[in-house]
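Dumping the structure here so I can ask a few things about it.
The values are calculated or read from the model by the stated rules, or taken from the named source; none is laboratory data. As the structure is a computational prediction, the values presented were derived from the model and not from experiment. Virtual Cβ from ideal backbone geometry, glycine too; neighbours counted across all protein chains shown. Remember, those area values only see protein heavy atoms, side chains included, never the ligands or the DNA or RNA. Shrake-Rupley method; radii C 1.70, N 1.55, O 1.52, S 1.80 Å.
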Amino acid sequence: MGADMAKAYSEDELQGGKSERLLPNVRLINGTTKQETRQKIMLTFNTPFYPDVLIASSVMAEGVDLHLNCRYVIHHDLCWNPSMLEQRTGRVDRIGAKVEKCGKPIHIYYPFISETQDEKMYRVVMDRERWFKVVMGEKYKLDAKTTEKLASRIPFPGEAAEELMFNLAVLDKNIS
């Protein structure tokens with residue numbers, strides 16, 4: 001990364017890290033990010049320029065507009081309340097959003113690792129969301145095929161799985 005690009009990061013964005021390890025089109029906002037920096041990143045994210053990817057904790061879940069140039073939301077951490085996920089998604093689902101201009105939908109992803117607590121949480125949250133829609137009067141088809149389709153799994157990429165694998169035998173030898 002060039003010296004000019006390294007200067008684009010404020011100290012609170014680096015969070016003790018080195019600017020050489022960062023990608024110029026990816027920015028992070030969390031509780032340690034100063035309000036001034038959050039505002040700057042939010043404004044630039046709403047342009048067709050950098051950053052392309054905004055990774056944000058719950059500090060950006062309410063009261064911010066991220067809709068002008070965004071059509072994808074990835075909920076990397078789930079919560080038990082579907083209204084919280086809806087609130088987060090609402091940052092890009094607004095009047096004047098990019099989806100209105102280009103006529104394409106917002107894509108929302110809920111990645112989880114199968115057969116873990118993450119999958120259980122995903123299924124519970126999706127069930128709660130469906131029941132809410134039923135209570136609110138939406139016509140709902142309840143059969144095994146529809147339920148499985150709605151709860152379809154997003155496969156964990158094979159390359160990532162191999163990268164994260166470790167050999168228990170080697171760990172056991174190191175412990176002894």
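Considering the range 85-94 alone, what residues qualify as being under 19 Å from residue 33 (Cβ atoms) and without any contact (Cβ under 8 Å) to a residue 12 or more places away in the chain?
First pass over the range 85-94, keeping only residues under 19 Å from residue 33 (Cβ atoms): 88, 91.
None; the set is empty.
A further question on this structure: What number of residues in the range 15-51 are in a loop (DSSP other than H, G, I, E, B) and modelled with pLDDT under 85?
Step one: of the range 15-51, the residues in a loop (DSSP other than H, G, I, E, B) are 15-18, 22-25, 30-34, 46-51.
Restricting the remaining residues to those that are modelled with pLDDT under 85 gives 15-18, 22-25, 49-51.
Within the range 15-51, residues that are in a loop (DSSP other than H, G, I, E, B) and modelled with pLDDT under 85 number 11.
Name the residue, out of 115, 86, that is charged (D, E, K, R), outside any helix (DSSP H, G or I) and modelled with pLDDT of 80 or more. So that I can check it myself, show each step before the final result.
Values: 86 fails: outside any helix (DSSP H, G or I).
Matching residue, one of 115, 86: 115.
Cβ-Cβ under 8 Å, sequence separation 6+ or interchain: first residue in the range 62-84 and among the polar types (S, T, N, Q), partner open to solvent by less than 30 Å² (accessible area, probe 1.4 Å) and not in a strand (DSSP E or B). Which pairs?
69/45; 69/46; 81/125
Oh, and also: Among the residues in the range 128-143, are any under 30 Å from residue 12 (Cα atoms), out of contact with any Pro (no Cβ under 7 Å at 6 or more places or on another chain) and open to solvent by less than 70 Å² (accessible area, probe 1.4 Å)? Lay out the reasoning, then the answer.
As a first pass, look at the range 128-143 and keep what is under 30 Å from residue 12 (Cα atoms): none.
There is no residue in the range 128-143 that is under 30 Å from residue 12 (Cα atoms), out of contact with any Pro (no Cβ under 7 Å at 6 or more places or on another chain) and open to solvent by less than 70 Å² (accessible area, probe 1.4 Å).
Just to verify a result, which residue in the range 60-101, among those that are open to solvent by less than 70 Å² (accessible area, probe 1.4 Å), β-branched (Val, Ile, Thr) and within 26 Å of residue 127 (Cα to Cα), is nearest to the chain's Cα centre (by Cα)?
Out of the qualifying residues, it is 73.
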